[in-house]
Amino acid sequence: MAEWLYEAGIGEARAALVVDGAIVEARVEREEEGPRVGAVVAAKLVEARRGKRGALVMLDWPGEPLATLGGLPPGVSTGARLVVEITRMALCERGRDKPARARMADPGTLLGDGPDLAARIAASGVPVAVLHPAGADRLEEAGWGEVIDNVRTGHWRFPGGALWVDATPAMVLIDVDGEGDGLALAKAGAVAAAAVIRCCDIGGSIGIDFPSLPDRAGRQAIDAAIDAALPPPFERTAVNGFGFMQIVRRRKRPSLIEQVRFDPVRTDAALLLRQAERAAGTGELILTARSAVIDHIAARPHWTAMLHMRSGRPVRLVADAAAQGAGHAQ
């Protein structure tokens, strides 16, 4: 049986598609990630570039983020007011950020944000269970913490081997590691790699490094294993003689890897607030973490106000240089 588990956390909504008790898709949607895909936003033309890079617009959105714009009509001058539709959210990559992508909105389209995580999973047709802090922690029971740990370390075990996953500016690289028969390892690694790609919603260019397989029939078996395990749409190359395959998937939103690996402070802040929502006890609710995490939460007082409202306890933030990871709440 398949079911979405959904949790509207403080500063972060999270959802997991659970099939037979295991998470097969994990999704996070955070405040301040900018307008979502499908958002229709007023904007000002900043630079009327042409060619593949498109034009550049400043969005009427908190923080005035930039977006690249394709399909700019001819004759539009810098400073012109436009209405655009977001086709890809802003992305965070190692060493650089990528602005959102947009197109000209259809005339008469109303301004508004795109569908949120709750709306998207509801539209999937799969039943949705909305979780509450006072109830059983079904996300954790399904393995949410393990998924986040795997993303953090880039290490995903599977029977007979493990994957090492790293995101570079050029592509996400997945290395299939293990001992024993190369073909058996590659087949198991193909299924595991497809599962990670789906779980983390990895888009764009993806490279998978399998054990070298000189036999053409063996390489074709790996091609078939990927085709069977990875939900479409995607494009791929055949596995070459060095064991490398490239996959390209549509990239609309940040992947879980980008969210967790490239923004560890926000990740730990969300984990600490989630822990605090479920903390037992009465009296003052104390959140202790390293300074960067505490400062991140303190800069958003509506988060602590929401925590106070949900827990019924006054909230105090404590910075501790010795605290590790997300810290603790009690």
When you go through (1) under 16 Å from PRO254 (Cα atoms); (2) without any contact (Cβ under 8 Å) to a residue 12 or more places away in the chain; (3) assigned to a loop (DSSP other than H, G, I, E, B); (4) acidic (Asp, Glu) one by one for GLU33, which number turns out not to apply? (2)
Among residues belonging to region 40-80 that are of a type in the set (Ser, Thr, Tyr) and over 20 Å from CYS92 (Cβ atoms), point out the one that is modelled with the lowest pLDDT. SER77
Which residues, taken from region 290-309, are surrounded by 17 or more Cβ atoms within 10 Å (Cβ to Cβ) and either among the basic types (Lys, Arg) or touching a strand residue (DSSP E or B) at 6+ places or on another chain (Cβ under 7 Å) (or both)? ARG290, ILE294, ILE297, THR304, LEU307
If we keep only residues of region 211-232 that are more than 25 Å from VAL260 (Cβ to Cβ) and in a loop (DSSP other than H, G, I, E, B), then the residue modelled with the lowest pLDDT is PRO214
Checking the structure you have, find out if any residue of region 250-273 is touching a helix residue (DSSP H, G or I) at 6+ places or on another chain (Cβ under 9 Å), open to solvent by less than 10 Å² (accessible area, probe 1.4 Å), over 23 Å from TRP156 (Cα atoms) and touching a residue at least 60 places away in the same chain (Cβ under 8 Å). yes
What residue, among those in region 87-114 that are touching a residue at least 60 places away in the same chain (Cβ under 8 Å) and open to solvent by 70 Å² or more (accessible area, probe 1.4 Å), is farthest from ARG30 (Cα to Cα)? LEU110
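Which one of these is within 28 Å of THR168 (Cα to Cα) and under 21 Å from the mean Cα position of the chain (by Cα): LEU66, LEU56?
Criteria check complete, one pass: LEU66.
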Conditions first: (1) in a loop (DSSP other than H, G, I, E, B); (2) open to solvent by less than 80 Å² (accessible area, probe 1.4 Å); (3) at negative phi; (4) not aliphatic (A, V, I, L, M). GLY125 passes all but one, so which condition is the exception? (3)
Just one of (1) free of Cβ contacts under 8 Å to residues at least 24 places away in the same chain; (2) charged (D, E, K, R); (3) closer than 27 Å to GLY34 by Cα trips up ARG236, so point out which. (3)
How many residues are open to solvent by 50 Å² or more (accessible area, probe 1.4 Å) and assigned to a strand (DSSP E or B) when one looks only at region 233-248? 5
The one condition in (1) more than 17 Å from HIS328 (Cβ to Cβ); (2) open to solvent by 60 Å² or more (accessible area, probe 1.4 Å); (3) touching a strand residue (DSSP E or B) at 6+ places or on another chain (Cβ under 8 Å) that THR282 fails to fulfil: (3)
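Tell me the residue from GLY71, GLY54 that is loosely packed, with under 11 Cβ neighbours inside 10 Å and either touching a Leu at 6+ places or on another chain (Cβ under 6 Å) or not basic (Lys, Arg) (or both), please.
Only one candidate qualifies: GLY71.
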Are any residues in region 59-81 part of a loop (DSSP other than H, G, I, E, B) and among the β-branched types (Val, Ile, Thr), and if so, which ones? VAL76, THR78
Can you tell me which residues in region 1-20 are among the acidic types (Asp, Glu) and open to solvent by less than 30 Å² (accessible area, probe 1.4 Å)? GLU7, GLU12
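The values are calculated or read from the model by the stated rules, or taken from the named source; none is laboratory data. Source: prediction; values computed, not measured. Because the Cβ atoms are built from the backbone with ideal geometry, glycine has one as well, and the counts that use them run over all protein chains shown. We work out accessible area using only protein heavy atoms, side chains counted, and drop any ligands, DNA or RNA first. Shrake-Rupley method; radii C 1.70, N 1.55, O 1.52, S 1.80 Å.
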